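Below: the structure, in structure tokens.
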Amino acid sequence: MLVKIPAIVVLTLIAYHDFKHREIYWALFLFIALFFFIDGQTNMPLNEYLLNTLYNIIFVSVQFLFVYLFYRIRGIDFKSLINNIIGLGDILFITIMSLAFPWQSFLLYYIGGLVFTLFVWLCFKFKNNLIPFAGLLSIYCAIILILEFLLPQYERFSNELLKLLLYG
């Protein structure tokens, strides 16, 4: 519980730097990874937490593999993909988010985050049509952490919110 407050602060800093400078300091990635690892360890048994994290990383890796193959077929090399389309910070942030949720909640977070990002982008149309993806996902995650304070029965690690959405 105590680690959520500094996590919200770091997520806010990530969003600020992604919006303002289009880059994120590496130390922020380390801090948020550490905070989510500690939070995960305190909410689940270690072996279950590591297994959930592995599932999330596999899911993210498969998705990035498909994105890479799609752009490779279109003639875009890896360096151009990272520098011009996706961004290394976005990839690192999504990978680090796999530490923050069990796999069922991660799928909900990820899909919800993509919808949230698309909605915000359509409303505000950022400069150069570049989407501050890590920044928007960090805002979305910060909202989830804040809602955990307000509605503790829907904690990320309990999957109660997922059950509520699926079964009513």
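The values are calculated or read from the model by the stated rules, or taken from the named source; none is laboratory data. Note that the structure is a prediction, hence the values are computed from the model and not measured. Every residue, glycine among them, receives a Cβ derived from its backbone with ideal geometry; neighbour counts consider all protein chains shown.
If residue 111 meets every condition in (1) aliphatic (A, V, I, L, M); (2) surrounded by fewer than 16 Cβ atoms within 10 Å (Cβ to Cβ); (3) in contact with a Lys or Arg (Cβ under 9 Å, 6 or more places away or on another chain) apart from one, which number is that one?
The failed condition is (3).
Against the definition (modelled with pLDDT of 90 or more, assigned to a helix (DSSP H, G or I) and under 12 Å from the mean Cα position of the chain (by Cα)), how does residue 106 come out, yes or no?
Here the answer is yes, as residue 106 does meet what is asked.
Which of the residues belonging to segment 41-87 are in contact (Cβ under 8 Å) with a residue 60 or more places away in the chain and in a helix (DSSP H, G or I)?
Across segment 41-87, the qualifying residue is only 43.
Here is a check on your reading of the model: is residue 14 part of a helix (DSSP H, G or I), under 18 Å from the mean Cα position of the chain (by Cα) and under 23 Å from residue 148 (Cα atoms)?
yes
So which of 35, 66, 29, 19 is among the aromatic types (Phe, Trp, Tyr) and in contact with a Gly (Cβ under 6 Å, 6 or more places away or on another chain)?
19
Say whether the condition of being out of contact with any helix residue (DSSP H, G or I) (no Cβ under 8 Å at 6 or more places or on another chain) and among the hydroxyl-bearing types (Ser, Thr, Tyr) is met by at least one residue in segment 135-146.
no
Can you tell me which residues in segment 55-103 are under 30 Å from residue 5 (Cβ atoms), among the hydroxyl-bearing types (Ser, Thr, Tyr) and surrounded by fewer than 18 Cβ atoms within 10 Å (Cβ to Cβ)?
Hits for segment 55-103 are 55, 95.
Hey, among the residues in segment 38-54 that are within 19 Å of residue 93 (Cα to Cα) and hydroxyl-bearing (Ser, Thr, Tyr), which one's surrounded by the most Cβ atoms within 10 Å (Cβ to Cβ)?
Checking each candidate, the answer is 53.
Please enumerate the residues belonging to segment 118-166 that are at pLDDT below 75, over 30 Å from residue 84 (Cα atoms), surrounded by fewer than 14 Cβ atoms within 10 Å (Cβ to Cβ) and among the hydrophobic types (A, V, I, L, M, F, W, C).
Within segment 118-166, 164, 165, 166 qualify.
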